[in-house]
1. Is it true that A:ALA277 is on the phi < 0 side of the Ramachandran plot, in contact with a helix residue (DSSP H, G or I) (Cβ under 6 Å, 6 or more places away or on another chain) and at pLDDT 95 or above?
2. Could you list, in sequence order, the residues of the stretch B:93-128 that are at the interface with chain A (Cβ under 7 Å from one of its Cβ atoms), of a type in the set (D, E, K, R) and farther than 19 Å from A:ILE163 by Cα?
3. Looking at the stretch B:192-212, is at least one residue under 22 Å from A:HIS93 (Cβ atoms), facing chain A (nearest Cβ under 7 Å) and in contact with a helix residue (DSSP H, G or I) (Cβ under 9 Å, 6 or more places away or on another chain)?
4. Among the residues of the stretch A:136-162, which ones are aliphatic (A, V, I, L, M) and facing chain B (nearest Cβ under 7 Å)?
5. Taking the options A:ASP222, A:ASP231, name whichever one is closer than 19 Å to A:ARG266 by Cβ, modelled with pLDDT of 95 or more, under 13 Å from the mean Cα position of the chain (by Cα) and of a type in the set (D, E, K, R).
6. Is it the case, given these coordinates, that B:THR179 is over 19 Å from the mean Cα position of the chain (by Cα), within 13 Å of chain A (Cβ to nearest Cβ) and of a type in the set (Val, Ile, Thr)?
7. Need the failing condition index for B:ALA133 against (1) facing chain A (nearest Cβ under 7 Å); (2) closer than 18 Å to B:ALA209 by Cα, just the number.
8. Quickly run through the stretch B:274-304 and pick out the residues that are surrounded by fewer than 17 Cβ atoms within 10 Å (Cβ to Cβ) and part of a helix (DSSP H, G or I).
There are 2 protein chains.
Amino acid sequence: MGGAAALGEFVLGRRKPLSLNLPMDYPAERLRMVAAVEAAMDRLLPRPAEEAGGKRLRPVLVVAAAQLFGARRADPLPAAVAVECVHTYSLVHDDLPCMDNDDLRRGRPTAHRAFDEATALLAGDALLTHAFAILAQSYAHDAGLVAGLVADLADAAGSRRLIGGQMEDLLAERGRRATAADLAYIHLNKTAAMIEVALTLGARCGGAAEAEIGVLRGAGRDLGLAFQISDDVLDATADTQTLGKTAGKDAKAGKLTYVSFHGVDRARQIARQHGEAAAAALRSLPGDPGLLVWLAAGIAGRTH
Amino acid sequence: MGGAAALGEFVLGRRKPLSLNLPMDYPAERLRMVAAVEAAMDRLLPRPAEEAGGKRLRPVLVVAAAQLFGARRADPLPAAVAVECVHTYSLVHDDLPCMDNDDLRRGRPTAHRAFDEATALLAGDALLTHAFAILAQSYAHDAGLVAGLVADLADAAGSRRLIGGQMEDLLAERGRRATAADLAYIHLNKTAAMIEVALTLGARCGGAAEAEIGVLRGAGRDLGLAFQISDDVLDATADTQTLGKTAGKDAKAGKLTYVSFHGVDRARQIARQHGEAAAAALRSLPGDPGLLVWLAAGIAGRTH
């Protein structure tokens, strides 16, 4: 079977036909997970989340990764909420006038437009801080788990990963000559770090061994790159209504993306390759990776 | 002995004369602690701290509180650095144009003046995140300690304490009618929370029992209020060079302070009362509180 055909079958989910080999209705399972995450957010956040919900991709990955290991050690929902808090904080700060200065996010006004800059700044700070409070409080009965979750999350969100990626992105936008390697660094840290940590936090709650956590970290890296490259493709090809955020902004800003470097078709292909690498890593683990592989295929070939 | 005389003796350190009853040279001990904290910062931060150092009050309190319990459980220096990271992040974000819009801090340009707003925003985010990374990594051998330290720090820095205080302060500055109760809430959360947590994190590293940690939390509350009220007094009475930050800013901004509410003399008296309450709580503990009581006296009657 040729590479293109294999990729096509992978993206269409035909390699393991849903109706024959797979016990779960994945779309329904994903929706159940999103509902569980929303309920956990209502429980764990000081007040109802003001921001529009989005797809809750990262918390769903936390829960799905925990289930891959039978969710043996602890309930993954608090960790899922913690990851979503950090992700949302990063969006709120990234949208601020001194950063991307964006007015629209998830189809609604950004936090500093709906409120004001100071409130958005403090809300972001509070979300980041609360993520660690959730981990410490929700898993207080298992101090070893708290320590592992906090170490992973602080590392992923820190100056060497998420914040380092945002800083490089900022420098690239300010016209510093950027290379394909810079772009890979930005995607790897600004986007993939939080996808990786979603899987590793879920795996820790699931009771995975360190070696298995390492495999999931690698899968998260590929999944994160697939996600960000697809995002670049969508920005270049979809309209604002479909995206829920300002479309064509990257090109307008002369921003370095996989599309500007490689063109739409090649970028799509690279996204699918990373999605396939993630799926292969997931299939190497002992549990049933069906749901995660289905999510990976959706991410690599996403249209919104 | 009358109240005023007792307060005077307390502030002058005469209740327990240094030369007779006290084994340590406190000023020298404080300087040794500051040097140890600076060395720990060089070791634990990704790059040399760019900001001017300040007095390192909070990290010194961490180390002194640990010593009160014999520093039995773990080295307090990483916790001291974590507390200073959170304190510094709060200053960097508080100085931003959308918040206090301040140009000068610790006698040097604020982060967004020395660099730019986006860099200051991300540097603050990185410091906050790194505080939790330091706790998780430095105490990895004692997961129970990590869990306790993270829970305390996230609580103190969170939306119900530090950030809640900053938000209320912001609303008060924007002309919302503020009462003496609002002012007490702001001081209690914006300032005292981080003083409290310095003492409780130190106590945890020292191996204190939960009841002892509670006593230190109360002492920290009084110490924090003494510190902030003295700060209000200094802003009204000292010059910019002495302060290392813009003087008279509170009055110019029509800002609610203990001085605007109670006048300079009464505010000084309230600060000393809180300092004395903190000292009394510290003396109720089994260890030798000499250094902490000396620090409390300095805080309650500080001139810079």
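The values are calculated or read from the model by the stated rules, or taken from the named source; none is laboratory data. Here the structure is a predicted model, which means the values were calculated and not measured. Because the Cβ atoms are built from the backbone with ideal geometry, glycine has one as well, and the counts that use them run over all protein chains shown.
1. Working: on the phi < 0 side of the Ramachandran plot: yes; in contact with a helix residue (DSSP H, G or I) (Cβ under 6 Å, 6 or more places away or on another chain): yes; at pLDDT 95 or above: yes.
So A:ALA277 passes the test.
2. none
3. Scanning the stretch B:192-212, I find no residue that is under 22 Å from A:HIS93 (Cβ atoms), facing chain A (nearest Cβ under 7 Å) and in contact with a helix residue (DSSP H, G or I) (Cβ under 9 Å, 6 or more places away or on another chain), so the answer is no.
4. Step one: list which residues in the stretch A:136-162 are aliphatic (A, V, I, L, M), which gives A:136, A:140, A:143, A:145-147, A:149-151, A:153-154, A:156-157, A:162.
Selection gives A:ALA136, A:ALA140, A:ALA143, A:VAL146, A:ALA147, A:VAL150, A:ALA151, A:ALA154, A:ALA157.
5. On the way: A:ASP231 fails: modelled with pLDDT of 95 or more.
After applying the criteria, what remains is A:ASP222.
6. Values: over 19 Å from the mean Cα position of the chain (by Cα): yes; within 13 Å of chain A (Cβ to nearest Cβ): no; of a type in the set (Val, Ile, Thr): yes.
When the stated conditions are applied, B:THR179 does not pass them.
7. Looking at each condition in turn, B:ALA133 falls short on (2).
8. B:ALA280, B:ARG283 - these are the residues of the stretch B:274-304 that are surrounded by fewer than 17 Cβ atoms within 10 Å (Cβ to Cβ) and part of a helix (DSSP H, G or I).
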